[in-house]
């Protein structure tokens, strides 16, 4: 069995199922999120199609807001993002299609944190990023 990471950044794909992952042993001992993940989660309740979906998404947002102090996207991160976006464009991938992923990756790179995600393919071709794929089925 692989040793657990001490610290890492959680991708939005993990955060939306956070309560499932907490007991799975797949998360780092200390977890952070980015302000970009908080922004993504903030959209959820506003675009929900049913009252039940809106309530569920609002609950996730409130849990995350109460549990994390997000790492900011600042001017240093913006410069890292420039490099990430250029790498993606040079690899033939469309930056716009995965903009949130590139922004989150930039925060992980700036803080030298591995990124925990259910969607490792979304982060292909990003140099200097350690991606930790986790399984969403328990």
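Among the criteria (1) out of contact with any helix residue (DSSP H, G or I) (no Cβ under 8 Å at 6 or more places or on another chain); (2) exposed (fewer than 13 other Cβ atoms within 10 Å of the Cβ); (3) within 21 Å of residue 125 (Cα to Cα), the one residue 111 does not fulfil is (2).
Within region 104-117, is even one residue farther than 22 Å from residue 43 by Cα, part of a helix (DSSP H, G or I) and at pLDDT 95 or above? Yes. Within region 18-29, residues that are part of a loop (DSSP other than H, G, I, E, B) reach partners that are modelled with pLDDT under 75 with beta carbons closer than 7 Å, at six or more positions or on different chains, in the pairs 24/138; 27/21.
Candidates 57, 93: the one that is outside any helix (DSSP H, G or I) and either touching a residue at least 12 places away in the same chain (Cβ under 8 Å) or within 18 Å of residue 14 (Cα to Cα) (or both) is 93.
Residue-wise test of (1) surrounded by 13 or more Cβ atoms within 10 Å (Cβ to Cβ); (2) free of Cβ contacts under 8 Å to residues at least 24 places away in the same chain; (3) out of contact with any helix residue (DSSP H, G or I) (no Cβ under 6 Å at 6 or more places or on another chain).
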| site | (1), (2), (3) |
| --- | --- |
| 42 | yes, yes, yes |
| 45 | yes, yes, no |
| 53 | yes, yes, yes |
| 62 | no, yes, yes |
| 68 | yes, no, yes |
| 71 | yes, no, no |
| 80 | yes, no, no |
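The values are calculated or read from the model by the stated rules, or taken from the named source; none is laboratory data. If you're wondering where the values come from, they're calculated on a predicted model, not measured in any experiment. Because the Cβ atoms are built from the backbone with ideal geometry, glycine has one as well, and the counts that use them run over all protein chains shown.
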